[in-house]
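Asker: I'd like to ask some things about the structure below.
What follows draws every value from the coordinates through simple rules; no lab data is involved. Since this is a predicted model, take the numbers as computed values, not measurements. Heads up, the Cβs are rebuilt from the backbone with ideal geometry, glycines too, and the neighbour counts pull from every protein chain shown.
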Amino acid sequence: MGHEFKIYTKGGDKGQTSLLGGTRVSKYDIRIEAYGTLDELNSFIGIVRDMNIGKDHKEALLKIQYKIFEAESHLAADKPEQTEKLPRITEDDIVFLEKEIDRMNESLPELRSFILPGGHVVVSYCHVCRTICRRAERLTIKLSELYQVDERILKYLNRLSDYFFVLARMIGKELGTTEVLWKPNK
């Protein structure tokens, strides 16, 4: 019988965890915060993907989930050389997001005002993904000021939050919801 994998190691009972490479750090280390926030984003993307949305959206979201996991592994690395054999975010991955944004935007009305998140639970979850992505981006920028971070990860996260904004609008349109425009002094 093979070695049994246990989910608990007890190694983190005193508030520390290991980076890829074995270095022990506090669970609130900026690296843990950055890749942990991406993990949170990935979980919410799974919720959106599990909703009743179009097959093309599901396929794009699955591809994005793989890319986020790849970004997480890079942010979890102790040293840059430990990422050499890991899959990477590429310019093609960023272009994929841009093409998806452009494709969806072609059929959306021009936006002339801020919109309030809501209208349907799927739309709201897309906005949750957008805001978590922005937080992950901020944390990754902060991380990049202390450690080497592949600039394509930052670029990808920036584009990804835009993707979720447009996806929220697109799914709202497909579901027949009405966008609620923000009106100042309401």
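Asker: Provide the net charge surrounding Met170, with neighbours chosen by a C-beta distance below 12 Å and charges set as Lys +1, Arg +1, Asp -1, Glu -1.
Answerer: Details: positive: Arg103, Arg169, Lys173; negative: Asp56, Glu100, Asp102, Glu106, Glu174, Glu179.
Local net charge: -3.
Asker: Would you please give the residues with an amide H less than 5 Å from that of Ile115, counting only those at least 5 places away or on a separate chain, with H modeled from the backbone geometry?
Answerer: Result for Ile115 returns Trp182.
Asker: Among the aspartates and glutamates, select those whose C-alpha is under 13 Å from the C-alpha of Lys85, and discard any that sit fewer than 8 residues away in the same chain.
Answerer: Within reach: Glu70.
Asker: For a quick check of your reading of the filter: which GluC sites (Glu not before Pro) in the range 52-143 sit in a DSSP loop and have no more than 11 other Cβ atoms within 10 Å? Provide the component values of the computation, followed by the final result.
Answerer: Working: sites: Glu59, Glu70, Glu72, Glu81, Glu84, Glu91, Glu98, Glu100, Glu106, Glu110, Glu137; in loops: Glu84, Glu106, Glu110.
Qualifying residues, ordered by number: Glu84, Glu106, Glu110.
Asker: What full-extension length gain, to one decimal in nm, is calculated for Ser43 and Val95 as 0.36 nm per residue of separation minus the Cα-Cα distance?
Answerer: Values: separation 52, 0.36 × 52 = 18.72 nm, distance 2.34 nm.
In short, 16.4 nm is gained.
Asker: Pulled fully out, how much extra length does the chain show between Phe114 and Asp162, if you take 0.36 nm times their separation in residues and subtract their Cα-Cα distance?
Answerer: Numbers: separation 48, 0.36 × 48 = 17.28 nm, distance 1.37 nm.
Gain on stretching Phe114 to Asp162: 15.9 nm.
Asker: My understanding is that a pair violates if its Cα-Cα distance is over 25 Å; which of Lys58/Lys142; Lys63/Lys155; Lys63/Lys183; Lys58/Lys183 do that in this structure? Let's see the in-between values first.
Answerer: Details: Lys58/Lys142 31 Å; Lys63/Lys155 17 Å; Lys63/Lys183 36 Å; Lys58/Lys183 33 Å.
With Cα atoms farther than 25 Å apart: Lys58/Lys142; Lys63/Lys183; Lys58/Lys183.
Asker: Under the rule of at least 5 residues apart or a separate chain, name every residue whose amide H is placed under 5 Å from the amide H of Ala77.
Answerer: For Ala77, whose amide H was placed from the backbone, the distant partners under 5 Å are Leu20.
Asker: Determine ³J(HN,Hα), in whole Hz, for all residues of the range 154-167 in sequence, where each value follows from phi through the Karplus function 6.51 cos²θ - 1.76 cosθ + 1.60 and θ = phi - 60°; x replaces Gly and Pro.
Answerer: 4, 4, 4, 5, 4, 5, 5, 5, 4, 4, 5, 5, 5, 4
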